[in-house]
Amino acid sequence: PERRAALQAEARKTRVQWIEDARRISPDDAESEAREAIAGTCSDLARALPCALTLHDFLRVLGGDVPDAEVLSDILLPFALSEDGADSAKGDGPLPTHRPNRSSYDTLLDKLKHRLASEVVNNLEQFVFRFIELSRQQPPLQPPPSPHDSSTPTVAAAALRPQQHVAKIHAFLQRTAKTMREHMLWRGESEPQWADTVESLERLVMYKLYDVTFRLAADDARDAATALRLQSLSFVGFEHLDMAPLVSGAGASHADLDWSAPRAHLLRLDGLRSPGDKLACVLACFDAVADVLRRALGADDEDGSSGSGGGGSGSGGGGGREPGADELLPALIYLVKSTNPPRLASNLEYLQTFAAPERLVAGRASYALTQLASALHFLENADAGALSMDPEEFERRLGESR
């Protein structure tokens, strides 16, 4: 019995660690630092407290209607889910629940750490392990040397087409979600809470599979060519994009606008590891570009140098009309050109391949992704005619920028 208990404890410790490894899901996750600080404090207290669960229950009762009672509960909750101590050995800690001060992703991880979720976690681990092993056993798909090459990949390479892996991942997520919805840890969640849980489940699985799935979608040759191409187009400005000036005054330039927010989002994209997070980043970038334009259009309207425009003030506080598609796309082209973010082509391909299908057919995020992909496509294929330039001048400027 002692040996069996020790093996069970070690197995659960491994499961919990597998879940905890997914806490830091992006390199700039601001919540991670707070989690680590709380975890360190909890570890110190756990070593000093002989009965964490008893203290947890006592403090919750003592808290009563005190506003910080829920915060106290959140800080002490990890004790109930710890691998150490007599209380966790019983496996009867309080069930984690959705709380206003805790993200849905953290709530999912807390529930997966619970003893009752062991079978769900085992299935997750097994799927991730098998998926990674299968990808290692097959050769990568070699892309055609150019978009105009109609040659067919070899049979061995064709077996690794990303679409086949996408189907496996989505089918597994659907089966797992169906099982979880009937599980006592999740059956009591409201519909909005459950929707967040399903999204968090995809986030967790894709985080674990990221190194493999991104490699399936990545095109290193295209990324390298795109980086050089954007560098050679450094001379391109709004005047080459058939867009009216947004700034006025002697020596004024579109570079004078504050592009820091959209540029930060665009540079952050490559560091994220799940389709949902990347898609949210693309939308945030798109919204930030719209805000830059909104502010510029509002300033022009105040100066009387722009048209009367339509309705609506900007989210960032700048008045004036909302920017239209004929302004947003050139602005995105300018942003991509001036930022030259790492592996943008591969990141867009990854999103278009592995993001949940329902997110790619409708909604603002889908529209933002389409616009960003269009901006990149334009820059990859732009010639003198597309930039309203004399062919000789275009070639000269292109050569000077290389």
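The values are calculated or read from the model by the stated rules, or taken from the named source; none is laboratory data. These figures come from a predicted structure and were not determined experimentally. Backbone-built Cβ (ideal geometry, glycine too); neighbour counts: all protein chains shown. Ligands, DNA and RNA are excluded from the accessible area calculation, which covers all protein heavy atoms including side chains. Shrake-Rupley method; radii C 1.70, N 1.55, O 1.52, S 1.80 Å.
Note on the range 270-293: among residues that are within 15 Å of the chain's Cα centre (by Cα), among the small types (Gly, Ala, Ser) and open to solvent by less than 20 Å² (accessible area, probe 1.4 Å), the one that is nearest to residue 208 (Cα to Cα) is 274. Filtering the range 255-269 to residues that are in a loop (DSSP other than H, G, I, E, B) and open to solvent by less than 60 Å² (accessible area, probe 1.4 Å) leaves 257, 259.
Sub-8 Å Cβ pairs linking a first residue in the range 170-196 that is among the charged types (D, E, K, R) to a second residue that is at pLDDT 95 or above, at least 6 apart or interchain, are 181/194; 187/181; 189/197, ordered by first then second residue.
If you go through the range 365-379 and keep only what is more than 14 Å from residue 328 (Cα to Cα) and buried (at least 19 other Cβ atoms within 10 Å of the Cβ), you end up with 365, 379. Among the conditions (1) more than 23 Å from residue 162 (Cα to Cα); (2) buried (at least 21 other Cβ atoms within 10 Å of the Cβ), residue 396 misses just one, which is (2).
Residues checked against (1) of a type in the set (Val, Ile, Thr); (2) at pLDDT 90 or above; (3) assigned to a loop (DSSP other than H, G, I, E, B):
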{"position": "157", "(1), (2), (3)": "no, no, no"}
{"position": "179", "(1), (2), (3)": "yes, yes, no"}
{"position": "183", "(1), (2), (3)": "no, yes, yes"}
{"position": "188", "(1), (2), (3)": "no, yes, yes"}
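Scan (1) crowded, with 18+ Cβ neighbours inside 10 Å; (2) modelled with pLDDT under 95; (3) out of contact with any Ser or Thr (no Cβ under 6 Å at 6 or more places or on another chain) for the single condition residue 357 breaks and write down its number. Residue 357 satisfies all of (1) crowded, with 18+ Cβ neighbours inside 10 Å; (2) modelled with pLDDT under 95; (3) out of contact with any Ser or Thr (no Cβ under 6 Å at 6 or more places or on another chain) except (1).
Per this entry, residue 203 is not counted among residues that are of a type in the set (D, E, K, R), open to solvent by 20 Å² or more (accessible area, probe 1.4 Å) and either assigned to a loop (DSSP other than H, G, I, E, B) or not assigned by the TED database to the domain that holds residue 129 (or both). The listed residues are 362, 382, 386, and the only one of them that is crowded, with 18+ Cβ neighbours inside 10 Å, in the same structural domain as residue 288 (by the TED database) and out of contact with any helix residue (DSSP H, G or I) (no Cβ under 6 Å at 6 or more places or on another chain) turns out to be 382.
When you go through (1) modelled with pLDDT of 95 or more; (2) open to solvent by 40 Å² or more (accessible area, probe 1.4 Å) one by one for residue 161, which number turns out not to apply? Unmet for residue 161, out of (1) modelled with pLDDT of 95 or more; (2) open to solvent by 40 Å² or more (accessible area, probe 1.4 Å): (1). I'm checking my understanding of the structure. Among residues of the range 385-402 that are among the small types (Gly, Ala, Ser) and within 14 Å of residue 234 (Cα to Cα), which one is farthest from the chain's Cα centre (by Cα)? So, considering only residues that are among the small types (Gly, Ala, Ser) and within 14 Å of residue 234 (Cα to Cα), the one farthest from the chain's Cα centre (by Cα) is 399.
Within the range 230-244, the only residue that satisfies the criterion of being part of a helix (DSSP H, G or I), out of contact with any helix residue (DSSP H, G or I) (no Cβ under 6 Å at 6 or more places or on another chain) and surrounded by 15 or more Cβ atoms within 10 Å (Cβ to Cβ) is 240.
When 355, 373, 331, 386 are screened for being under 23 Å from residue 202 (Cα atoms) and of a type in the set (Gly, Ala, Ser), only 355 passes.
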